[in-house]
Amino acid sequence: MHLHARLFINLEELTPYAERWNQLLQLSQGNTIFLTWEWLYAWQTYVAGDNPLFIIAVFDNEEQLQAFLPLYQTSFKFCKYISYTCLRPMGDCHCGAEYPDLISAPEVIEEALSCIGTCLQTHRQKWDCLYLRYVAGWDDAKLRLTRLYTGQRAFFRQQATVFSSITLPANIETFNRETSALYPLIHRQKKKLDRTGSVSISLCQQEHDLPLYLDSLFLLHKKRWESVGQKGSFIRRPLMQKFYRGFAATALRKGWLKIFALQLDGKIMAIQIGYLYAGIFYQLQEGFDPAGPGGLGNVLRHAVIEWCISNKVQAYDYLSGAEEHKLKWGARQRVGYHLFTGSRKPKNLLLALADIWPSGRFITEGPPAGHGRSHD
């Protein structure tokens, strides 16, 4: 089979291949919701703004899509003066997505890698660096992407990062035993809430209910972080709220969106949003009323995990981070990576010699990543 790669700067040009896009994704090791056509189209619509995309699509000689690498073009400045054009994965900011990957039909992955590498070389005047964050380290994603970099780099670096995920057992009783250091506390908190008022757990299932659930999410997330003197993600990154609102109806219709709420006497006091895809629940954001009774977040999380178990979900994925509270819930740490490479251009020597990453100190990120703050 002869393959060839072409560069696309927006998803509209690939609309005839949308169904094939998702079929390829489902065949691949990198099958996550964050690489679906719907997620990336929403990201292009609500977050990308004027940033041109840089999607490398690989076709066979019958113009059947066989692989794709969805990137976009952005910029950053070193010490506010030296500008760089950087390729980054679509969806890597203001939406919660992680696990970027090359997606390919398994039988052609070697040739697809070669085609994509050649395409990057052909268009080398359009980029200085590639920066891929939150790459999974347990399913060969790092291996695939590192091999893609091999022919491109003047320098290459990787940083390890940590993810957390709970492998769910067959029943809630087993889960309670496995979290025996935590479950007695949750049990007490449930009983205390029951004495406070009428407690119920609801799941958003109708499109007309989305505004109520989303408004509650943004408000309770804001209240929770303000109670500890910080601003939450949706305040620091307004494009994230725009994405959540824009993508919600599509995700609900697809059966992916899961917004759970704990109501006390009919009032939403805690809320959690995640996406169920290919047997994995990706937990993205949550909030609770810090002025309410204690244990609101714990009780809701236990109810969400119980729902996942009863619906045969394989894992409750916290994504990046390994905070202590995640480990108490039975999460196991997994290692992932940030990957960064620069092409063979003289100005990249500055980055190589000074060990500079395209974020953090000395770097000013361009849009859309630069539209929002990581910390208060």
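The values are calculated or read from the model by the stated rules, or taken from the named source; none is laboratory data. Quick caveat: nothing in here was measured; it's all calculated off a predicted structure. Ideal geometry is used to build each Cβ from the backbone, glycine not excepted, and the neighbour counts take in all protein chains shown. These accessible areas exclude ligands, DNA and RNA; they are computed on the full protein's heavy atoms, side chains included. Shrake-Rupley method; radii C 1.70, N 1.55, O 1.52, S 1.80 Å.
Looking for something part of a loop (DSSP other than H, G, I, E, B) and open to solvent by 10 Å² or more (accessible area, probe 1.4 Å) - is there at least one such residue anywhere in segment 67-76? Within segment 67-76, not a single residue is part of a loop (DSSP other than H, G, I, E, B) and open to solvent by 10 Å² or more (accessible area, probe 1.4 Å). Within segment 228-249, the set of residues being of a type outside the set (K, R), touching an Asp or Glu at 6+ places or on another chain (Cβ under 8 Å) and surrounded by 15 or more Cβ atoms within 10 Å (Cβ to Cβ) comprises G232, F247. Filtering segment 114-143 to residues that are closer than 19 Å to A5 by Cβ, open to solvent by less than 20 Å² (accessible area, probe 1.4 Å) and either among the hydroxyl-bearing types (S, T, Y) or outside any helix (DSSP H, G or I) (or both) leaves W127, L130, L132. Among residues belonging to segment 20-41 that are part of a loop (DSSP other than H, G, I, E, B) and open to solvent by less than 40 Å² (accessible area, probe 1.4 Å), point out the one that is farthest from F68 (Cα to Cα). The selected residue is T32.
Taking the condition of a type in the set (G, A, S), touching a strand residue (DSSP E or B) at 6+ places or on another chain (Cβ under 9 Å) and either open to solvent by 20 Å² or more (accessible area, probe 1.4 Å) or not in a strand (DSSP E or B) (or both), does A97 pass? Against the criterion (of a type in the set (G, A, S), touching a strand residue (DSSP E or B) at 6+ places or on another chain (Cβ under 9 Å) and either open to solvent by 20 Å² or more (accessible area, probe 1.4 Å) or not in a strand (DSSP E or B) (or both)), A97 qualifies. Per this entry, T45 is counted among residues that are open to solvent by 30 Å² or more (accessible area, probe 1.4 Å), within 22 Å of L257 (Cα to Cα), out of contact with any strand residue (DSSP E or B) (no Cβ under 7 Å at 6 or more places or on another chain) and of a type in the set (S, T, Y). Pairing residues of segment 62-83 that are within 13 Å of D128 (Cβ to Cβ) with residues that are hydroxyl-bearing (S, T, Y) and not in a strand (DSSP E or B), at Cβ distances under 8 Å and at least 6 apart in sequence or on separate chains, gives F76/S359.
Among the residues that make up segment 80-92, is at least one of them among the charged types (D, E, K, R) and surrounded by 17 or more Cβ atoms within 10 Å (Cβ to Cβ)? Walk me through it before giving the result.
From segment 80-92, those among the charged types (D, E, K, R) are 80, 88, 92; that's our starting set.
Pick out the ones that are also surrounded by 17 or more Cβ atoms within 10 Å (Cβ to Cβ) and you get 88, 92.
For segment 80-92, residues among the charged types (D, E, K, R) and surrounded by 17 or more Cβ atoms within 10 Å (Cβ to Cβ): present.
Scanning segment 48-66 for residues that are surrounded by 20 or more Cβ atoms within 10 Å (Cβ to Cβ) and under 20 Å from Y244 (Cβ atoms) gives a single hit, A48. Out of K223, K258, one residue alone is touching a strand residue (DSSP E or B) at 6+ places or on another chain (Cβ under 6 Å), charged (D, E, K, R) and either open to solvent by 50 Å² or more (accessible area, probe 1.4 Å) or closer than 21 Å to I309 by Cα (or both). It is K258. Selection within segment 348-374: residues that are charged (D, E, K, R) and surrounded by fewer than 13 Cβ atoms within 10 Å (Cβ to Cβ). The member of this set that is nearest to the chain's Cα centre (by Cα) is R373.
In this structure, does R332 turn out to be of a type outside the set (S, T, N, Q), closer than 23 Å to R133 by Cβ, loosely packed, with under 15 Cβ neighbours inside 10 Å and without any contact (Cβ under 8 Å) to a residue 12 or more places away in the chain? Outline the logic, then answer.
On the way: of a type outside the set (S, T, N, Q): yes; closer than 23 Å to R133 by Cβ: yes; loosely packed, with under 15 Cβ neighbours inside 10 Å: yes; without any contact (Cβ under 8 Å) to a residue 12 or more places away in the chain: no.
Considered against the rule, which asks whether it is of a type outside the set (S, T, N, Q), closer than 23 Å to R133 by Cβ, loosely packed, with under 15 Cβ neighbours inside 10 Å and without any contact (Cβ under 8 Å) to a residue 12 or more places away in the chain, R332 comes out as no.
For segment 158-177, what are the residues that are in contact (Cβ under 8 Å) with a residue 40 or more places away in the chain and either polar (S, T, N, Q) or surrounded by fewer than 16 Cβ atoms within 10 Å (Cβ to Cβ) (or both)? Scanning segment 158-177 gives Q158, Q159, A160, T161, V162, S164, S165, T167, P169, A170, N171.
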